[in-house]
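Reviewing the structure listed below.
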Amino acid sequence: MILSRLKLFNVNCNTCFIGGERIKETLHPNAYLKNIRNVNCGLRARTKILVLLEKQGCSASKIAKQTEQSYGVVMYHLRLLKNEGTVERKGSGRYVWLATGLGQKRLG
């Protein structure tokens, strides 16, 4: 499952635990939005979504299942990311969401 590749983040601080080891949390650069206040829980949610979409296009329900977030949370963040131009949706009926490749790039 894709979630196993993601870091599991501790909700209360800016660290995560991998294999019992404490590691500083890494957020996706495109998780930061220009027009809204960027709070930690939103940044973590958008990071999980963007990491998944960089690997493959997915429907919102599949993103919700693989990132263990509710469908409503996923749709909220996908709309925000779409307004920023970071993701786009393709198809009709059940949309497939894709990363556009626009925005900041990871260093190193």
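Things to note:
- Odd one out for V11, checked against (1) β-branched (V, I, T); (2) surrounded by fewer than 11 Cβ atoms within 10 Å (Cβ to Cβ); (3) modelled with pLDDT of 85 or more: (3)
- Helices (runs of 4 or more DSSP H) enclosed by segment 17-108 - at least 2 residues per element that are buried (at least 18 other Cβ atoms within 10 Å of the Cβ), at pLDDT 85 or above and in contact with a His (Cβ under 8 Å, 6 or more places away or on another chain): 40-55
The values are calculated or read from the model by the stated rules, or taken from the named source; none is laboratory data. Just so we're clear, the structure is a prediction, and the values are computed from it rather than from any experiment. For neighbour counting, all protein chains shown are included, and Cβ atoms are generated from backbone atoms with ideal geometry for every residue, glycine included.
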